[in-house]
Amino acid sequence: MKTFKVLVAENDSRVLFALGKVLENEGFVCIPSSSIEQALTKIARSDPQAVFLDVSRSVGDYNTIDKIKKINLTLPLVIISSHITEDVKKLAETVGALQVIEKPLSLESVRRCLDRIKAKIIEK
C-alpha cells in the first residue's frame, strides 16, 4: 500500500500537532510546517500529495496559494480556517480547493477530507 504525504501549514502548534496525529492514525505521513516560508520549501523538497493550509482571510493567502500552485499546479489543497466567511469560500472556489474545513477541526470532517484526497490521488 502506498503511503501518502500531506503537508500541514498551520501556525497554531496545537492544531498542527493534533492534525498530524490524525493524519498518522489514518495512514498518512504528516509533513508539519509552522510558517508559509517553511511550507513552500517543504512542498518543493518533499513532494507531498496534498496540502492543508490555514488561511487568515488576507490578500497574502492568494499570494501563498499562487506560490504553491507554481510549485505543483495539481496539488490538492484543503483550506482550514477559524472563520469561514464569504471571502474564504470565494478564495477556495477561485483556487480550486478540494475542501474547506472550519476550526476547531472535527475528526469526522478531517477523515472525510482524507477519503477525498485518497480518491483524488488514485484517479491521477
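The values are calculated or read from the model by the stated rules, or taken from the named source; none is laboratory data. Just so it is clear, the structure is predicted and the values come from calculations on it, not from any experiment. Here Cβ is always computed from backbone atoms with ideal geometry, including for glycine, and neighbour counts include all displayed protein chains.
Conditions (1) modelled with pLDDT under 95; (2) under 20 Å from GLN99 (Cα atoms); (3) out of contact with any Ser or Thr (no Cβ under 7 Å at 6 or more places or on another chain), marked per residue:
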site	(1), (2), (3)
LEU23	no, yes, yes
GLU26	yes, yes, yes
ILE31	no, yes, no
LYS42	no, no, no
VAL51	no, yes, yes
VAL55	yes, yes, no
SER58	yes, yes, yes
ASP66	yes, yes, yes
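As an exercise: evaluate HIS83 against (1) surrounded by fewer than 15 Cβ atoms within 10 Å (Cβ to Cβ); (2) assigned to a helix (DSSP H, G or I) and give the number of the one condition it does not meet.
Only one criterion in (1) surrounded by fewer than 15 Cβ atoms within 10 Å (Cβ to Cβ); (2) assigned to a helix (DSSP H, G or I) is unmet by HIS83, namely (2).
Those residues that are buried (at least 18 other Cβ atoms within 10 Å of the Cβ) and farther than 14 Å from VAL55 by Cα, I need them from the stretch 6-21; list them, please.
Listed by number, the residues that qualify are VAL6, LEU7, LEU19, GLY20.
Filter the stretch 81-115 down to the residues that are of a type in the set (A, V, I, L, M, F, W, C), within 17 Å of VAL22 (Cβ to Cβ) and more than 14 Å from the chain's Cα centre (by Cα) and list them by number.
Within the stretch 81-115, LEU107 is the sole residue that qualifies.
Across the stretch 15-40, what is the number of residues that are over 12 Å from the mean Cα position of the chain (by Cα), of a type outside the set (Phe, Trp, Tyr) and farther than 28 Å from LYS90 by Cβ?
Number of matching residues: 6.
Return the residues of the stretch 97-124 that are aliphatic (A, V, I, L, M), touching a helix residue (DSSP H, G or I) at 6+ places or on another chain (Cβ under 8 Å) and part of a helix (DSSP H, G or I); say none if nothing qualifies.
LEU107, VAL110, LEU114
Only one of these is part of a helix (DSSP H, G or I), more than 21 Å from ILE117 (Cα to Cα) and not charged (D, E, K, R): THR64, THR41, THR94. Name it. Don't jump to the end; show me each part of the working.
Working: THR64 fails: more than 21 Å from ILE117 (Cα to Cα); THR94 fails: more than 21 Å from ILE117 (Cα to Cα).
After applying the criteria, what remains is THR41.
Which numbered condition trips up VAL95, out of (1) under 20 Å from ARG111 (Cβ atoms); (2) surrounded by 15 or more Cβ atoms within 10 Å (Cβ to Cβ); (3) touching a Phe, Trp or Tyr at 6+ places or on another chain (Cβ under 9 Å)?
Here VAL95 clears every test but (1).
Condition check: crowded, with 17+ Cβ neighbours inside 10 Å, under 12 Å from the mean Cα position of the chain (by Cα) and within 26 Å of LYS21 (Cα to Cα). Does ILE68 satisfy that?
Criteria met by ILE68.
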